[in-house]
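A short write-up of the structure that comes next.
The values are calculated or read from the model by the stated rules, or taken from the named source; none is laboratory data. The structure displayed is predicted, hence computed values, not measured ones. Here Cβ is always computed from backbone atoms with ideal geometry, including for glycine, and neighbour counts include all displayed protein chains.
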Ligand SMILES: Cc1cc2nc3c(=O)[nH]c(=O)nc-3n(C[C@H](O)[C@H](O)[C@H](O)COP(=O)(O)OP(=O)(O)OC[C@H]3O[C@@H](n4cnc5c(N)ncnc54)[C@H](O)[C@@H]3O)c2cc1C
C-alpha cells in the first residue's frame, strides 16, 4: 500500500481523516434525511475551515492555490475524502468541477483563467460538463449532433444534452460540439466551448430523477437543450477540433479520482459491515460474525479492496511517470474492476445489515443508489473491457478495430 505514500501525504492524511470523521460524519444523518440543501450552510463553514488548514484544492497545482500533489499522492487523499459523501465537496475537488479545473488549468487562455478557472478554484461557483446526448450512444464519444457554427465573432450552438451532472445552479458548462464536420479524422471534429449557463438559448429542461431521486447541486443530473445559443469565439477551450483530445486528458486523471473515492466508500462500507457483524446477535451471545457466510463476505471484501487499491495506485503512478496515454490499459482495468468491487462490497454490507441496510438511517443505501452509475459514467464496463482485450489480443496477432 506504499505506492505514492510520500512524506507529504503521510503529513496531511491523519489531519484529513480526522476532519472527515469528526466534522463530516456527524452531518450524514441530516444529509440522508433532508437532502444536500439542508447541510449546505454547514458545508460552507467546513470549506472555510479546510482553507484555514491549508488543505483546500488538494488536486490542483500551487499556482492556483492547490496543494501541488502528484496524481498518486492525490489518490490517497481522494480515498480519505471518499469515506464521506461530502468529503470531496468540502475540499473543493468534487466532480465535475475537479476535472473542469484540471482542463482549464491546462488549456485555458489567460482571460479564461480569470473568468472561469479562478472563481471555481476559490469555490465561488460550480460548473458542469455537457457531452452525452440522448439520441446517441454515449459510449461512442465521437458521435454527436450538437453543432457550433461560426457567425461573425461568435459560435452559434444547437444541440441536446443529458446527464449533465451538476448543471442546475452551475455558472458555466463546458460543452462538446461539432465545429469541424469535414475533418478527415472523426477525432478532430468536435471542440470544447465554455458556455455561461445564463446565455440565452442555454435551456435547462429538467433534473433527471435517478433511482427515485432528483439530486441537488453537484448530486443532480440534467437535461439541457441548446438553441441558437451564441457565445464569443474566444470561449473555445484549446484548439478548434481538439475537443476529443481534451476529453481524454480530462477522463484519465478523473477516473483515478473516482476509483480512489470508491475505495474510500468501500472502506467505510467494510467498517460498517464488520461493526454490524460484531454486534448483531442472532441469539444471545452468537453474533453474525460467527457465520461462515458473513466471514466469506469479510474476507472477500478485504481481498478485493486491497487488490483494487494497489491497481489504482499502480495506474496513477504510471500516469505520473509516463503520461496518460501510456497508462491507457491500466486506467481501463481499474475503471471496471474497481466499479465492480464497489458494487459487491456495498451489496455485502447492506446484506449484513438486513432491512436496516435499505434505510436512510445508514449511509450504505445512499451510495448503493448513487454509485450504480459508476459502471457507466466515464465509460461503461464493457467499453473498458473492450479496450483491455483489444490491447491484449494485439500481442496475439488479432487486430480488433471496433
Ligand atoms: C451518474 C452519471 C453521471 C454522468 N455525468 C455525465 C456528465 O457530467 N456529462 C456527460 O456528458 N455525461 C455524463 N454521464 C453519461 C455517461 O458518460 C454515459 O452514460 C456513458 O458514456 C454511457 O453512455 P450511454 O449511457 O449513452 O450508454 P450507451 O452508449 O447507450 O451504452 C449502453 C450499454 O451498451 C453496452 N455497450 C456500450 N458499448 C459497448 C461495447 N463497445 N461493447 C459491449 N457493450 C457495449 C454497455 O453495457 C452500456 O452500458 C453520466 C452518467 C451517469 C450514470
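A few comments on the model shown:
- Pairs with Cβ under 6 Å, 6+ apart, first in the stretch 179-203 and farther than 17 Å from residue 151 by Cα, second exposed (fewer than 14 other Cβ atoms within 10 Å of the Cβ): 189/181
- Scope the stretch 386-402; condition surrounded by fewer than 16 Cβ atoms within 10 Å (Cβ to Cβ) and either more than 9 Å from the ligand (Cβ to nearest atom) or modelled with pLDDT of 95 or more (or both); matching residues: 389, 391, 392, 393, 394, 395, 396, 397, 398, 399, 400, 401
- For first residues located in the stretch 364-382 and in contact (Cβ under 8 Å) with a residue 24 or more places away in the chain and closer than 16 Å to residue 165 by Cα, partners that are outside any helix (DSSP H, G or I) and more than 8 Å from the ligand (Cβ to nearest atom) and lie 6+ apart or on another chain with Cβ distances below 6 Å form the pairs 369/211.
- Residue 31 vs. criteria part of a helix (DSSP H, G or I), within 23 Å of residue 346 (Cα to Cα), at pLDDT 95 or above and in contact with a helix residue (DSSP H, G or I) (Cβ under 6 Å, 6 or more places away or on another chain): yes
- On inspection, residue 355 qualifies as surrounded by fewer than 17 Cβ atoms within 10 Å (Cβ to Cβ), closer than 24 Å to residue 272 by Cα and at pLDDT 95 or above.
- Flag for residue 117 being touching a helix residue (DSSP H, G or I) at 6+ places or on another chain (Cβ under 6 Å) and either assigned to a helix (DSSP H, G or I) or modelled with pLDDT of 95 or more (or both): yes
- Selection within the stretch 327-353 - away from the ligand (no atom under 16 Å from the Cβ), touching a residue at least 24 places away in the same chain (Cβ under 8 Å) and more than 29 Å from residue 244 (Cβ to Cβ): 341, 344, 345, 348, 349, 351, 352, 353
- Criterion applied to 50, 125 was being in a loop (DSSP other than H, G, I, E, B), touching a helix residue (DSSP H, G or I) at 6+ places or on another chain (Cβ under 7 Å) and over 20 Å from residue 252 (Cα atoms), and the one residue passing it is 125.
- Residue check for residue 84: surrounded by 22 or more Cβ atoms within 10 Å (Cβ to Cβ), within 19 Å of the chain's Cα centre (by Cα) and not in a strand (DSSP E or B): yes
- Cβ-Cβ contacts under 6 Å between residues 6 or more apart (or on different chains), taken from a first residue in the stretch 117-143 that is under 14 Å from residue 195 (Cα atoms) to a second residue that is assigned to a loop (DSSP other than H, G, I, E, B) and within 12 Å of the ligand (Cβ to nearest atom), are listed as 126/166; 126/170; 127/170; 128/96; 128/166; 128/167; 128/170; 129/96.
- Options 295, 248, 275; residue that is part of a helix (DSSP H, G or I), at pLDDT below 95 and more than 30 Å from residue 152 (Cβ to Cβ): 248
- Residue 208 vs. criteria within 23 Å of residue 248 (Cβ to Cβ) and touching a strand residue (DSSP E or B) at 6+ places or on another chain (Cβ under 7 Å): no
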